[in-house]
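Read the structure below first, then the notes.
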Amino acid sequence: MGSDDWRNSSDQNVYEMCVANGGPGFWIRRTTWGATCARIVGVGPMTKPGPYFGNPSVLMDVYSLAGELKEGLAQVPVPGTYKTWRRIPAPPWAEHGDLRSLDDPAIDAGLQALDRKRHRASGKAQSEEERVFLSVPFSRKEEAKQLGARWSPAEKLWWLPASNERALSEARALGFLPGNV
């Protein structure tokens, strides 16, 4: 691994490498890393077609080039970027090293925890509750807020959860419900 041959261009992202390998267990390096390499140990369900396969979570064990474990079950940042990652042969010490078993239950637990974290960060952790959109003039936005209405930047509308009958009744009385909702 002393040579920089591994830096040569690649046309595969980590997901594509995983498919080509038949699953986790292969080794990678990042072009911006110093003296480390990583073994891909877990990939979430691939639910869509390539090259991004639904952008599942990917976990790796990171090692020094000498074989010392630096970080276990670390998230692979931006695995869909083919310009950053290179698949490399297993380092010579890996054959005799104490590597994590690919059926370690901690891998599934780590993937689930990472998925929960990713969904929270993207706002998907809240159940996709049914929304009732309101017609609220700007001058009356404070009244909508007092009902518990929330602003949707995507739709540029105020909304209430369909399950909040009390607030919907008040919104109807204030004239915020368009038509007969």
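Read the figures in this text as sums done on the coordinates, not as results from a lab. This one's a predicted model, so the numbers in the text were calculated from it and none came from an experiment. Neighbour counts are summed over all protein chains in view; Cβ atoms, including those assigned to glycine, are modelled from backbone coordinates with ideal geometry.
For LYS83, the lysines whose Cα comes closer than 29 Å to its Cα, not counting residues fewer than 8 places off in the same chain, are LYS48, LYS70, LYS117, LYS124. For LYS70, the residues 5 or more places off, or on other chains, whose built amide H falls under 5 Å of its own are VAL62, TYR63, SER64. Computed from Cα positions, the angle between helix 105-122 and the longest principal axis of the chain comes to roughly 40 degrees.
Distance between the modelled labels on ASP108 and SER169, one decimal in nanometres: 4.7 nm (7 Å Cα→Cβ projection). In this label model, TYR52 and ALA20 are separated by 2.1 nm, measuring between points 7 Å along each Cα→Cβ vector. One decimal place: the segment ALA162-THR32 gains 41.9 nm when fully extended, by the rule 0.36 nm per residue minus the C-alpha distance.
Remark: C-alpha extents of the stretch 131-173 on the principal axes read 23, 20, 13 Å, sorted largest to smallest. The amide H of LEU157, built 1.01 Å from its N in the peptide plane, has SER152 as neighbours under 5 Å, considering only residues 5 or more places off or on other chains.
Across the stretch 131-173, Cα pairs under 8 Å and at least six residues apart give a relative contact order of 44 percent.
Estimated purely from DSSP H runs of n ≥ 4, each contributing -39500 (n - 2.57), the mean residue ellipticity at 222 nm for the chain is -7000 deg cm²/dmol once divided by its residues. Compactness check for the chain: Cα Rg over 2.2 N^0.38 Å is 1.52.
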